2 protein chains.
Amino acid sequence: MSLKIYVDFSLPSEALARLKEGASGHELVFPSKPAASVLAKTEPDPSFYQADIAFGQPDIDAIEKAASLKWIHINTSGITRYDTPEFRARMAERQIPVSNSASVYNSACADHALSFMMAQSRQLPQALGFRASNVSDDWFRLRRGSVSLKGQKALLIGYGAIGKRLAELLAPHHMQLSAYRRQARGDETIPVITEDELGASLATADHVINILPDSPSTRNFFDANRFAQCKTGSVYYNIGRGTTTDQDALHAALTSGQLKEAWLDVTEPEPLPDGHPLLSLPNCYITPHIAGGHFGEVMHCVENFLENLDRFTNGKSLVDHVI
Amino acid sequence: MSLKIYVDFSLPSEALARLKEGASGHELVFPSKPAASVLAKTEPDPSFYQADIAFGQPDIDAIEKAASLKWIHINTSGITRYDTPEFRARMAERQIPVSNSASVYNSACADHALSFMMAQSRQLPQALGFRASNVSDDWFRLRRGSVSLKGQKALLIGYGAIGKRLAELLAPHHMQLSAYRRQARGDETIPVITEDELGASLATADHVINILPDSPSTRNFFDANRFAQCKTGSVYYNIGRGTTTDQDALHAALTSGQLKEAWLDVTEPEPLPDGHPLLSLPNCYITPHIAGGHFGEVMHCVENFLENLDRFTNGKSLVDHVI
């Protein structure tokens, strides 16, 4: 059966060629003007209303009017705007499965978190370009300031594919690993703690790694109270979403020494505006929401879609079926 | 039997207390003026000539005059000044074993190498503090410039305890690992190549990690010919010794694009002087010989010595017995 696949984001020529080849037998439809950003609200395009499949970031209102829609595949890992009780209920009612592209980005996100942890442990920001003589006090201080991850306690806040992969990467470092999850599912590879144990766990964790998605229940999850529960001198990492952190509280915790350092790939907003207080803190390291990025990511995203297209057309369960 | 242990380097009070406690029953002797640097030639101190054990960096000429010397424990991993055929022959003749402190620093060195590889893969120098909007071309370029270690080929040049540990740390990254060793010993955990295969291996390696010690046979091991054998766009790391790299040839390889980047913890000399050509290259990242450094390293060094003291006094084989 030939299906009409609506693709609402720009693809480089190589990825487009791969999509056309992989989806041959189906009809690919593109809006006259693709979305400028994966997160911008797209202009509804008339051709969308005849689509069987949406691949990209389809508009919620347009989805309602697309009567023949059978499956939605989001081209990002984040699904914030779709993740509402109303939308979930409506998709269930219309029997439209929604999958995302988490598989494409999980491994790179875990790599990014590890790069933060290693750079922190080995003090790369301080050490790169440091040229003091190797018998100076400054040199001894730097040299002996590197705290090995071995034996330290790392608490992952949120545990899904990224957390699982990060735990694999950290295994040879012999840390004490645990993860916070609202509900343990039994498929975790490291010990899991739930809400009532969180305060006690934060109080002993040397490294707190926030991998939470954005949702009403995670907004400002790390607020002044949570930071006050953290071990003095611990390190906070955020590779989830900027909205999960109260940035004023983070600033206070970094200034008071409650936290030794923060390593953030996400902020609210992105990028932070000129003069934002976090930008002037010497112990706050920020990368611009690139944790999932990697060479060939668009091709990877297309391959992931094609894998799911094959599954969808053969009645198999979808990878990263999220709604 | 009470032994006279000569300690020729400065110990912070906590480490000194631990040494005194652990070596109780023996006599600790300190020079009136400890060496300023672990690598500086120490003033011979008269008390050295009565020592049974030397712990630190004893002077070669003074060793010759220390008639009762029974064991030398070097407080560093590098043993360049002792590693000569003449000294080895003389120690064999006098039946004086020499051990070093490699165990103290191996793990931190492997961590440092991994921190370089992760920072390189995730482009941390470019990404930290980069604030372009996340729909800009610059942002896409950065985001898609991160090349995962997965599937890439890493060639370790030199394989000992550091290489073995680095291979453990890299295992979950699913790279293609191999090591160059002058003579395979059969105890390696990854495939080993020898001299005649080196050129072909360099030609396909994405990451070349130099862990060679300093010795007459390793000086300028990486010269213009070796860099010419490297895969175009590969990354060179040095956590061994600065003398193993012809820095003019390295500069040329970084300028021509033969090498994408260099990450060096060691240079010749250290630090590089103002105006040295490597300092102005944007693709040359240098830390100041801190790879083995870690919090508590002096205490760790004392513990390691005490372990060997126990072995020595009980006639057991020494850890890190190098000469």
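The values are calculated or read from the model by the stated rules, or taken from the named source; none is laboratory data. As the structure is a computational prediction, the values presented were derived from the model and not from experiment. Cβ: placed from backbone, ideal geometry, glycine included. Neighbour counts: every protein chain shown. Note: accessible area is taken over every heavy atom of the protein model, side chains too, but ligands, DNA and RNA are not part of it. Shrake-Rupley method; radii C 1.70, N 1.55, O 1.52, S 1.80 Å.
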Please state the Cα pair-distance histogram of the protein assembly as shown with 10 angstrom bins from zero: what percent is in each bin? 3, 14, 22, 22, 18, 11, 5, 3, 1, 0
Whose amide H sits under 5 Å from the amide H of B:ASN210, counting only residues 5 or more places off or on another chain, with H placed in the peptide plane? B:ILE157, B:TYR237, B:ASN238, B:ILE239
From DSSP H assignment alone, runs of 4+ in chain A each adding -39500 (n - 2.57), the sum over residues rounded to the nearest 500 puts [θ] at 222 nm at -10000 deg cm²/dmol
The Kirkwood hydrodynamic radius of the range B:106-286, taken as the inverse of the mean 1/r over all distinct Cα pairs, in Å, comes to 16.8 Å
Choose one of A:GLN126, A:ALA253, B:ASN75: the residue whose Cα lies farthest towards the positive end of the charge dipole of the protein assembly as shown (beta-carbon charges +1 Lys, Arg; -1 Asp, Glu; about the Cα centre). B:ASN75
Give the accessible surface of the protein assembly as shown per residue, rounded to a whole number of Å², with probe radius 1.4 Å and ligands, DNA and RNA excluded. 42 Å²
At the level of C-alpha centres, the distance separating the range B:173-222 and the range B:268-312, in angstrom, is 22 Å
Taking amide H positions as placed 1.01 Å from N in the peptide plane, with prolines and chain starts having none, which residues 5 or more places from B:ILE193, or on another chain, fall under 5 Å of its amide H? B:ALA179, B:TYR180, B:ARG181
Label geometry 7 Å along the beta-carbon vector: B:SER280 inter-copy distances in nm: 3.4
Residue separation between A:ALA200 and A:SER24 times 0.36 nm, minus their alpha-carbon distance, gives in nm 57.9 nm
Difference of contour (0.36 nm per residue) and Cα-Cα distance, B:ILE193 to B:LEU306: 37.0 nm
For the pairs B:LYS231/B:LYS260; B:LYS164/B:LYS231; B:LYS4/B:LYS65; A:LYS153/A:LYS260; A:LYS153/B:LYS164, note any where the Cα-Cα span goes beyond 19 Å. B:LYS164/B:LYS231; A:LYS153/B:LYS164
Could you compute how fast chain A diffuses translationally, taking Rh as the Kirkwood radius over C-alpha pairs and applying Stokes-Einstein at 25 °C with viscosity 0.890 mPa s? Give it in µm² per second. 114 µm²/s
At 7 angstrom along the Cα-to-beta-carbon line, where would the label on A:THR80 sit relative to the other copies? Give the distances in nm, shortest first. 5.3
Assigned charges on the beta-carbon of Lys, Arg, Asp, Glu; the protein assembly as shown dipole about Cα centre (debye): 620 debye
Quote the relative contact order of chain B in percent (integer), defining contacts as alpha-carbon pairs under 8 Å separated by 6+ residues. 16 percent
Between A:LEU16 and A:LEU279, what is the FRET efficiency for a Förster distance of 51 Å, r being their Cβ-Cβ separation, to the nearest 0.05? 0.85
Hey, rough spin-label estimate for B:THR313 and B:TYR49, points 7 angstrom out along Cα→Cβ, what's it come to in nanometres? 2.7 nm
Qualifying aspartates and glutamates (Cα of each under 12 Å from Cα of B:LYS20; at least 8 residues distant if same chain): B:GLU303
Sorting from shortest, the nanometre distances separating the label point of B:SER2 (7 Å past Cα along the line to Cβ) from those of the same residue in the other copies are 9.9
If every Lys and Arg gets +1 and every Asp and Glu gets -1 at its Cβ, then about the Cα centre chain A yields a dipole, in debye to the nearest 20, of 740 debye
